[in-house]
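Q: Submitted below is the structure of interest, expressed as structure tokens.
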Amino acid sequence: MTSHEKPHLDHIAPSMVLLLAAAAGLIVANLYYAQTLVGPIAAATGLSADAAGLIVTLTQVGYTLGLLFIVPLGDLLENRRLVVTALAATAVALAVAAFATSAAVFLAAALAIGLGSVAAQILVPFAAHLSHESKRGHTVGKVVSGLLLGIMLARPVASLVADHASWHVVFAGAAVLIALLAVVLRVKLPQRVPHERTSYAKLIGSLWTLFRTTPVLRRRAAYHAGLFGSFSLFWTVVPLALAGPSFGLSQTGIAIFALVGMAGAVASPVAGKLADAGHSLAATAAALGLGIVGFALPLLAPDSHHVALAILVVASIVLDMGVAANLVLGQRAIFTLGAEVRSRLNGLYFAVFFAGGAAGSALGGWMYARHGWHAALLAGMAMPAAALLYWMSEALERAPQRA
């Protein structure tokens, strides 16, 4: 079955939405397995403490490069083949990482894992393409829920598997899962052949033009850079605080904490429905507000250990809800701009807010080390607050239209 640029007359089947959501989650999880395993991986590969951060950094660098130089190919090449090829390469890279005994080999594999894992960002526009306009936000919301669950589950699953087996098993298991997923998607996905007929150089060259001439993209990317930056800051700092003297949690305890936080992913389909109903502006303010509340709650926590921990759990869910909702609202907005540029817009969107995420992680670690827990929370609160101030300019622009 072949799908061209015109959406299907029949809305995407629920089983296909479930498959795309599960696939997005499994793929994006590859980016996060190493985050809780930096110590044992560095020890096993002989990587110095000063350079251990490269284990995570190179995966993120590979992902960002893939967003800019691979994801745009979704507007040029047959999508199913592109996804399957990327997944096959990712499976090989994960297997190399699993058996790596030197730092150079593992770091090269980490870069390749990031590059190949951008297949998830080819699948999300694919879901939008298969959906009716009236239900596109809801469909994208469900797929993004799967993606966010992958992000949130990856770290605790990696910690638990490594505790009971080893970090090698984490990457070997991921290699098998991604290889199987490539086979399933090759069988189940319809073909989608874009109408774009241009050279790769011109395709990549068009990215800056698209970014410069698409105010909706710039605005939505800025909103989510603020929220994703705070999300990255939170999940960089909170494990350090939970393992510290105030809470004293084990790695398994921290893993359970992260598992509870993933409940926030339920906001994705709700946000998609609100966007389909024309309530994106108000829903965006609510999402950014949730991001602020997620940091305000722990600041107000009492000295009681158990109460403070309970408040932190609630805060993690609230913050994750804001991030999940805003991600869908942003993708719903940019996916209305034309099927022929959808992959490039999605790649740019993710590249910009992932830069915000990298900044948030770096800021969080520095603030926590230099100024402590409360200073890190205030820094985290400032990021969605700045995005909300920017949102006010959009609200003011639209006010005359609603009057």
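Q: Check residue 162 against each of (1) touching a Leu at 6+ places or on another chain (Cβ under 6 Å); (2) open to solvent by less than 10 Å² (accessible area, probe 1.4 Å); (3) aliphatic (A, V, I, L, M) and name the one condition it does not meet.
A: Unmet condition: (2).
Q: Taking residue 321 as the residue in question, decide whether it is under 25 Å from residue 121 (Cβ atoms) and open to solvent by 40 Å² or more (accessible area, probe 1.4 Å).
A: Judged against the criteria, residue 321 is a match.
Q: Another question about this same structure. Report yes if residue 250 is open to solvent by less than 50 Å² (accessible area, probe 1.4 Å), modelled with pLDDT under 85, out of contact with any Lys or Arg (no Cβ under 6 Å at 6 or more places or on another chain) and more than 22 Å from residue 76 (Cβ to Cβ), otherwise no.
A: Values: open to solvent by less than 50 Å² (accessible area, probe 1.4 Å): no; modelled with pLDDT under 85: yes; out of contact with any Lys or Arg (no Cβ under 6 Å at 6 or more places or on another chain): yes; more than 22 Å from residue 76 (Cβ to Cβ): yes.
No; evaluated as a whole, the condition is false for this residue.
Q: Which residues, counting only those in the range 254-287, are open to solvent by 20 Å² or more (accessible area, probe 1.4 Å), among the small types (Gly, Ala, Ser) and part of a helix (DSSP H, G or I)?
A: Scanning the range 254-287 gives 263, 280, 282, 285, 286.
Q: Right, next: Tell me which of these residue 329 doesn't satisfy, since it passes every other one: (1) touching a residue at least 24 places away in the same chain (Cβ under 8 Å); (2) open to solvent by less than 60 Å² (accessible area, probe 1.4 Å); (3) out of contact with any Lys or Arg (no Cβ under 8 Å at 6 or more places or on another chain); (4) not small (Gly, Ala, Ser).
A: Tallying (1) touching a residue at least 24 places away in the same chain (Cβ under 8 Å); (2) open to solvent by less than 60 Å² (accessible area, probe 1.4 Å); (3) out of contact with any Lys or Arg (no Cβ under 8 Å at 6 or more places or on another chain); (4) not small (Gly, Ala, Ser), residue 329 fails exactly one: (3).
Q: Here's a check for you: in the range 347-403, which residue that is within 18 Å of residue 288 (Cβ to Cβ) and of a type in the set (D, E, K, R) is surrounded by the most Cβ atoms within 10 Å (Cβ to Cβ)?
A: 394
Q: So residue 216 ticks every box in (1) open to solvent by less than 30 Å² (accessible area, probe 1.4 Å); (2) assigned to a helix (DSSP H, G or I) but one. Which box is left unticked?
A: Single failed check for residue 216: (1).
Q: Restrict the check to the range 114-121 and report whether at least one residue is over 18 Å from residue 269 (Cβ atoms), open to solvent by 30 Å² or more (accessible area, probe 1.4 Å) and modelled with pLDDT of 90 or more. Walk me through how you get there before you give the answer.
A: Residues of the range 114-121 over 18 Å from residue 269 (Cβ atoms): 114-119, 121.
From the residues that got through so far, the ones that are open to solvent by 30 Å² or more (accessible area, probe 1.4 Å) too are 115.
Then keep just the ones that are modelled with pLDDT of 90 or more; that gives 115.
Yes - at least one qualifying residue is present in the range 114-121.
Q: Looking at the range 185-213, I want the residues that are modelled with pLDDT under 90 and have a partner that is in a helix (DSSP H, G or I) and open to solvent by 100 Å² or more (accessible area, probe 1.4 Å) with Cβ atoms under 9 Å, at least 6 apart or on another chain. Which pairs are those?
A: 191/81
Q: For the range 335-346, give me each residue that is buried (at least 23 other Cβ atoms within 10 Å of the Cβ) and either more than 19 Å from residue 64 (Cα to Cα) or without any contact (Cβ under 8 Å) to a residue 24 or more places away in the chain (or both).
A: 335
Q: Being open to solvent by less than 30 Å² (accessible area, probe 1.4 Å) and either over 14 Å from the mean Cα position of the chain (by Cα) or among the aliphatic types (A, V, I, L, M) (or both) is the filter here; which residues of the range 220-246 pass it?
A: Across the range 220-246, the qualifying residues are 220, 221, 223, 225, 227, 233, 234, 237, 238, 241, 242, 244.
Q: Quick check, is residue 90 crowded, with 18+ Cβ neighbours inside 10 Å and under 16 Å from residue 346 (Cα atoms)? Working first, answer last.
A: Values: crowded, with 18+ Cβ neighbours inside 10 Å: yes; under 16 Å from residue 346 (Cα atoms): no.
In short, no.
Q: Next question, about the same structure. I need the full set of residues from the range 42-59 which are at pLDDT below 90 and open to solvent by less than 40 Å² (accessible area, probe 1.4 Å), in order please.
A: Within the range 42-59, 42, 47, 51, 52, 55, 56, 59 qualify.
Q: Residue check, residue 96 against (1) free of Cβ contacts under 8 Å to residues at least 40 places away in the same chain; (2) surrounded by 19 or more Cβ atoms within 10 Å (Cβ to Cβ), all met but one. Which one?
A: Status for residue 96: all satisfied but (2).
Q: If you don't mind, another one. Tally up the residues in the range 169-193 that are surrounded by 12 or more Cβ atoms within 10 Å (Cβ to Cβ) and either more than 15 Å from residue 123 (Cβ to Cβ) or among the β-branched types (Val, Ile, Thr) (or both), please.
A: Going through the range 169-193, the residues surrounded by 12 or more Cβ atoms within 10 Å (Cβ to Cβ) turn out to be 169-186, 188-193.
Then keep just the ones that are either more than 15 Å from residue 123 (Cβ to Cβ) or among the β-branched types (Val, Ile, Thr) (or both); that gives 169-180, 183-184, 193.
The qualifying residues number 15.
Q: Now for a separate question. Considering 69, 106, which residue is among the aromatic types (Phe, Trp, Tyr) and under 18 Å from the mean Cα position of the chain (by Cα)?
A: Unique residue meeting the criteria: 69.
Q: All but one of (1) over 20 Å from residue 156 (Cα atoms); (2) of a type outside the set (Lys, Arg); (3) in a helix (DSSP H, G or I) hold for residue 302; which doesn't?
A: The failed condition is (3).
The values are calculated or read from the model by the stated rules, or taken from the named source; none is laboratory data. Please read all numbers here as calculations on a predicted model, not as lab measurements. Don't worry about glycine lacking a Cβ; one is built from the backbone with ideal geometry, like all the others, and counts go over all protein chains shown. Areas reflect the complete protein model, heavy atoms only, side chains present, ligands, DNA and RNA absent. Shrake-Rupley method; radii C 1.70, N 1.55, O 1.52, S 1.80 Å.
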